[in-house]
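Below: one structure, written as structure tokens.
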Amino acid sequence: MATLDADVRSGELRPVYLLTGREAYLVRRAQAMVEEAALKGQPGASFNRQVMVGSASTPDQVDEAVRTLPMMGSRRLVVVEGIDQGDKKKAKALQERCAEIAKVQVSTCVLVLTAEKIDGRSKLFKSVGKLGRAVEFKPLYGRKLEGWLDGEARRLEKRLQPRVASLLVDLVGNDLGKLHNELEKLAFYVGDEDTIDLRAAEDTRADVRLDDVFQLNEALGNGDLN
């Protein structure tokens, strides 16, 4: 992730990025970062952004999208989401074509590929490693998760009092999207104060528990005992 951050800050993007992992929130955030950096300052940004769904796209369609010249800008952004989803045979064919595309330096396009899991021994993974970047986002637990929460608080220009991060994890779990939403609510709740303390977390945690009750009732109603 540090290398991707460096690319985005410098504006010197690689021609292809492979974003994988079960932590979908971090994959989406990385995708958004690359998208913004790739199209930054372009008057025709909306014309040069193309998002495709892997299971609904053919190798030829992806190839054509990458080779299409930009309109009113210096480069295009092509995103192919979920290249490991759908029919296994079609997914394999798509990945193999993307591996060939990744070998070529296309200066007029940034290609972003997302997947839950790609074998590190695959042609695609190896090809991306030569000219682009392959970044895997794994679920966070324990201290790493609490450290991530501290970092997210700093993004919101707040500081977490000790034990607040662990309390949020106890209440919400390790779903980063939900944790981020709770942090945003807490940041709004404390207003101009620069610290989110246990008192604020305790005051707002009733909402979290209420959400959990509704989710439990819905799951039971659907027969989802897990």
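Quick notes
- D (Stokes-Einstein, µm²/s), Kirkwood Cα radius, the chain, 1.567 mPa s at 4 °C: 66 µm²/s
- Net length available on complete extension from R155 to E36 is 41.1 nm, with 0.36 nm assigned per residue and the Cα-Cα distance removed.
- Exposure of M72 as accessible area (Å², to 10), given a probe of 1.4 Å and all protein chains: 120 Å²
- The candidates S166, S46, arranged from most to least accessible area with a 1.4 Å probe in the full protein assembly, appear as S46, S166.
- Only protein heavy atoms count here; under a 1.4 Å probe, D84 has an accessible surface of about 40 Å².
- For R75, no residue has an amide H sitting under 5 Å from its own, ignoring neighbours fewer than 5 places away on the same chain, with H placed 1.01 Å from N.
- Cβ-Cβ FRET estimate between S10 and R199, R0 fixed at 35 Å, reported to 0.05: 0.25
- Taken over the Cα atoms of the range 1-105, the convex hull encloses 103 Å³ per residue.
- Among the trypsin sites (Lys or Arg not before Pro) found in the range 113-175, those both in a DSSP coil and sparsely packed, with 16 or fewer other Cβ atoms within 10 Å of their Cβ, are K117, R121, R163.
- Accessible carbon and sulfur surface of the range 143-185 relative to its total accessible area, %, 1.4 Å: 43 percent
- Flagged links, alpha-carbon separation over 19 Å, of K40/K178; K90/K130; K40/K126; K103/K130: K40/K178; K90/K130; K40/K126
- Computed lengthening from R143 to E218, 0.36 nm per intervening residue step minus Cα-Cα distance: 23.8 nm
- Calculated FRET value between R29 and V53, using beta carbons and R₀ = 22 Å, to 0.05: 0.70
- Restricting the chymotrypsin sites (Phe, Trp or Tyr not before Pro) of the range 107-192 to loop positions (DSSP other than H, G, I, E, B) with no more than 16 neighbouring Cβ atoms within 10 Å leaves Y141.
- In the range 38-86, the trypsin sites (Lys or Arg not before Pro) that fall in loop regions by DSSP, at most 12 other Cβ within 10 Å: K40
The values are calculated or read from the model by the stated rules, or taken from the named source; none is laboratory data. Note that the structure is a prediction, hence the values are computed from the model and not measured. Cβ coordinates were reconstructed from backbone atoms using ideal geometry, including for glycine residues, and neighbour counts include every protein chain displayed. Just the protein is used for accessible areas: all its heavy atoms, side chains included, with ligands, DNA and RNA removed. Shrake-Rupley method; radii C 1.70, N 1.55, O 1.52, S 1.80 Å.
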